[in-house]
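Each value in this text was obtained by applying a stated rule to the coordinates, not by laboratory testing. Because the structure is predicted, anything quoted here is derived from the model rather than measured. All Cβ positions, glycine included, derive from the backbone under ideal geometry; neighbour counts span all protein chains shown.
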Amino acid sequence: MSDSRADADPTAEVLVDQNGVLAQATAPQAPPPDLTAAAFFDVDNTLVQGSSLVHFARGLAARKYFTYGDLARFGYAQAKFQLTGKENSDDVAEGRRKALAFIEGRQTSELAELGEEIFDEIIADKLWSGTRALAQMHLDAGQQVWLVTATPYELAATIAKKLGLTGALGTVAESVDGVFTGRLVGEILHGAGKAHAVRSLAIREGLNLKRCTAYSDSYNDVPMLSLVGTAVAINPDGALRDLARQRGWEIRDFRTARKAARIGVPSALALGAVGGALAAVVSRRDGN
């Protein structure tokens, strides 16, 4: 006679009731993949409060990688960003230039390790919980979730990894034999560059952009937002808020205690995610 424990489903939890009878509680299964839909999230002020690069710089300053005077200069652009809600292209370019100068000659593995440490110490507490929940909604629907940001790729990839997301598209710093050269590969991933990167990813992954969703706080990301079927303005700057209202895009603002303003009822966002999950289920059943 076979042992019921040996015959048990390896994915199931074995339980014993008060009478000593064995029972099985099957572990929750991952959702079926929704192969043609994905969500794309900007990072700074969309997923992370303020600038992820400045938070990273704070962690580096605490480790004596540079002075707090250097950090104050980083903080000037950050203060403008938080007060105005606008991402200035010149500030972005200058910040990335300083970052490249800092990493020149350093090991790529060193930056990856520092990114993980500083995420746990600082960045994790700066996440917008509402945006994190939106990302999880797409994951629960079996969809890919990508970060798309001007932030250096290594830091963006660390954030994606820590949150269990599919991956990240970020500004790529050149490295040779595991050492940063201080030069970029291509351009800073900003503005129209994000739309180009998303389009290339969609081709590679077989995504239908009309079934995809994009999230951003910045008017600079209108090219990416306009590329997908569902655009959502998160904590938008004034220009993006106005455009979102004109185009009927959903608006969610997590900066205040009041409920986020939503354009369109019921939410196209929620319907898209749920509909995608249902489509994947039907597809799987039809294939059986």
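What residues have an amide H closer than 5 Å to that of V179, excluding those fewer than 5 places away on the same chain, when H is modeled at 1.01 Å from N in the peptide plane?
T108
Can you give the FRET efficiency for R255 and A192, using 1/(1 + (r/R0)^6), R0 = 35 Å, r = Cβ-Cβ distance, to the nearest 0.05?
Once rounded, the FRET efficiency stands at 0.85.
Round to the nearest 0.05 the FRET efficiency obtained for S226 and V179 when R0 = 41 Å and r is the Cβ-Cβ distance.
Between S226 and V179 the formula returns 0.60.
Stretch N208-D140 to full length: gain in nm at 0.36 nm per residue minus the Cα-Cα span?
Value of the extension gain: 22.6 nm.
When a footprinting reagent is the concern and you count Cβ atoms within 10 Å, what order do W146, W128 take, fewest first?
Placing the least packed residue first, the sequence is W128, W146.
When the chain is fully extended, how far beyond the present Cα-Cα distance does A124 get from E104, taking 0.36 nm per residue of separation?
Gain on extension, A124 to E104, equals 4.6 nm.
Neighbouring Cβ atoms within 10 Å as the yardstick, rank D177, D42, D237, D140 fewest first.
Placing the least packed residue first, the sequence is D177, D140, D237, D42.
How far apart, in nm, are the 7 Å Cα→Cβ label points at F66 and E113?
Distance between label points: 2.1 nm.
Can you list the residues, at least 5 places off or on another chain, whose amide H is less than 5 Å from the amide H of T151, using H built in the peptide plane?
T171
Which order do L225, L111, L184, L209 fall in if you start with the one that has the fewest other Cβ atoms within 10 Å? Present the calculation step by step, with values, prior to reporting the outcome.
On the way: L225 26, L111 22, L184 16, L209 19.
Ranking L225, L111, L184, L209 by Cβ neighbours within 10 Å, fewest first, gives L184, L209, L111, L225.
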